[in-house]
1. Regarding residue 13, is this residue modelled with pLDDT under 95, open to solvent by less than 80 Å² (accessible area, probe 1.4 Å) and either on the phi > 0 side of the Ramachandran plot or touching a Lys or Arg at 6+ places or on another chain (Cβ under 9 Å) (or both)?
2. Within region 238-274, restricting attention to residues that are of a type in the set (Asp, Glu) and open to solvent by less than 90 Å² (accessible area, probe 1.4 Å), which residue is farthest from residue 185 (Cα to Cα)?
3. Among the residues of region 17-30, write down those that are open to solvent by less than 30 Å² (accessible area, probe 1.4 Å) and under 18 Å from residue 248 (Cβ atoms).
4. Specify the residue that is farthest from residue 22 (Cα to Cα); the eligible residues are those in region 233-255 that are hydroxyl-bearing (Ser, Thr, Tyr) and outside any strand (DSSP E or B).
5. State yes or no: is residue 258 in a helix (DSSP H, G or I) and either small (Gly, Ala, Ser) or farther than 24 Å from residue 52 by Cβ (or both)?
6. Select from region 275-286 the residues that are of a type outside the set (A, V, I, L, M) and either open to solvent by less than 80 Å² (accessible area, probe 1.4 Å) or not in a loop (DSSP other than H, G, I, E, B) (or both) and list them in ascending order.
7. Which count do you get for residues in region 69-108 that are over 27 Å from residue 215 (Cβ atoms), exposed (fewer than 15 other Cβ atoms within 10 Å of the Cβ) and either hydroxyl-bearing (Ser, Thr, Tyr) or touching a residue at least 40 places away in the same chain (Cβ under 8 Å) (or both)?
8. In region 119-144, what residues are surrounded by fewer than 17 Cβ atoms within 10 Å (Cβ to Cβ) and touching a Leu at 6+ places or on another chain (Cβ under 9 Å)?
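The values are calculated or read from the model by the stated rules, or taken from the named source; none is laboratory data. Every value quoted in this text rests on a predicted model; they were computed, and no experiment measured them. Using ideal geometry, Cβ is built from the backbone for each residue, glycine included, and neighbour counts are taken over all protein chains shown. Side chains included, ligands, DNA and RNA excluded: accessible areas come from the protein's heavy atoms. Shrake-Rupley method; radii C 1.70, N 1.55, O 1.52, S 1.80 Å.
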Amino acid sequence: MAKKSRAELALRELLRVPGGKPVDLTAYDAGGTPAGPPDKRAGKAATSALGEPLADLQERLFAASTAGDRRRILLVLQGMDTSGKGGTVKHAIGLFNPSGCRIRAFKAPTAEELKHSFLWRIKRALPHPGELGIFDRSHYEDVLIARVRELAPPEEIERRYDEINRFEKSLADDGVTVIKCFLHISYDRQRARLLERLDRPDKHWKFNPSDIDERALWPAYQQAYEIALERCSTPHAPWYVVPADHKWYRNWAVSRLLLEHLRELGPQYPKADFDIAECRARLLAH
């Protein structure tokens with residue numbers, strides 16, 4: 001596999017959270033467009049242009065799995081309400097063949113899920129070899145909303161960070177490339193998007209009065225994210241802070257991150273395990 005240029009690695013380098021160091025989200029510009037196209041029009045065109053190479057690499061990844069290659073991708077999307085987790089799935093993941101994707105949106109745990117470890121439902125939703133898995137929210141809810149809403153004892157929350165790191169290391173050891181994206185939206189942009197949902201009848205279904213209550217807890221959520229980003233951005237499963245005030249940039253950036261990781265994997269079509277010439281001759285004879 002050819003060595004990648006610095007330009008190809010630039011986005012990962014720019015957006016990656018170092019890990020192990022205090023994180024201050026106010027230092028990250030939610031309206032920024034680092035290494036991105038110059039404007040919305042160019043951004044949409046650039047995202048569309050990523051479709052062909054992404055689809056090619058996805059097919060190669062799936063094909064390789066038929067020959068025993070266990071590698072797969074897990075994209076984790078986290079962010080405040082209106083940051084665009086669903087929109088990212090629609091626009092960025094829409095560039096892939098859906099038959100090779102395993103998408104799961106995690107809501108509040110069911111009664112059955114609450115009987116098990118918080119990672120139980122996560123493990124059941126993991127992608128199979130050759131697949132692209134997408135989590136709209138994830139196991140991080142158990143150190144985010146659980147921390148803010150005090151849904152578990154403090155000592156239990158503290159234990160979960162290490163448990164998450166061990167879990168993600170086990171995934172990496174088993175061939176899973178974990179790409180964790182925090183969709184970073186600003187306080188003012190969230191208000192604008194919530195107001196849009198109120199102003200448009202076709203968006204009312206997306207609005208819940210409880211969204212206002214959650215917004216009142218903004219500082220606590222930002223702190224919870226900062227702690228999770230600091231403690232759980234590791235070499236085998238780093239976090240990326242993706243500015244999300246501009247939807248077009250968010251979609252492009254996540255697509256670009258996926259492309260960079262797939263290129264690094266470099267999946268190849270498996271070689272035929274049969275006699276090609278003999279099969280050709282038989283086919284031409286019938």
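1. Numbers: modelled with pLDDT under 95: yes; open to solvent by less than 80 Å² (accessible area, probe 1.4 Å): no; either on the phi > 0 side of the Ramachandran plot or touching a Lys or Arg at 6+ places or on another chain (Cβ under 9 Å) (or both): yes.
Taking the combined requirement at face value, the residue does not satisfy it.
2. Within region 238-274, the subset of a type in the set (Asp, Glu) is 245, 260, 264, 273.
Now drop any that are not open to solvent by less than 90 Å² (accessible area, probe 1.4 Å), which leaves 245, 260, 264.
On the way: 245: 5, 260: 23, 264: 29 Å.
The qualifying residue farthest from residue 185 (Cα to Cα) is 264.
3. Taking region 17-30 as the starting set, the residues that turn out to be open to solvent by less than 30 Å² (accessible area, probe 1.4 Å) are 17, 19, 23, 25, 30.
Hit for region 17-30 is 30, nothing else.
4. Step one: of region 233-255, the residues hydroxyl-bearing (Ser, Thr, Tyr) are 233-234, 240, 249, 255.
Next, from what is left, pick out any that are outside any strand (DSSP E or B): 233, 249, 255.
On the way: 233: 11, 249: 26, 255: 27 Å.
Among those that are hydroxyl-bearing (Ser, Thr, Tyr) and outside any strand (DSSP E or B), it is 255.
5. On the way: in a helix (DSSP H, G or I): yes; either small (Gly, Ala, Ser) or farther than 24 Å from residue 52 by Cβ (or both): no.
The answer is no for residue 258.
6. We begin by selecting, within region 275-286, every residue of a type outside the set (A, V, I, L, M); these are 275, 278-280, 282, 286.
Residues satisfying the conditions are 278, 279, 280, 282.
7. Residues that pass the stated criteria total 3.
8. If the condition is that a residue be surrounded by fewer than 17 Cβ atoms within 10 Å (Cβ to Cβ) and touching a Leu at 6+ places or on another chain (Cβ under 9 Å), then 126 is the only one that fits.
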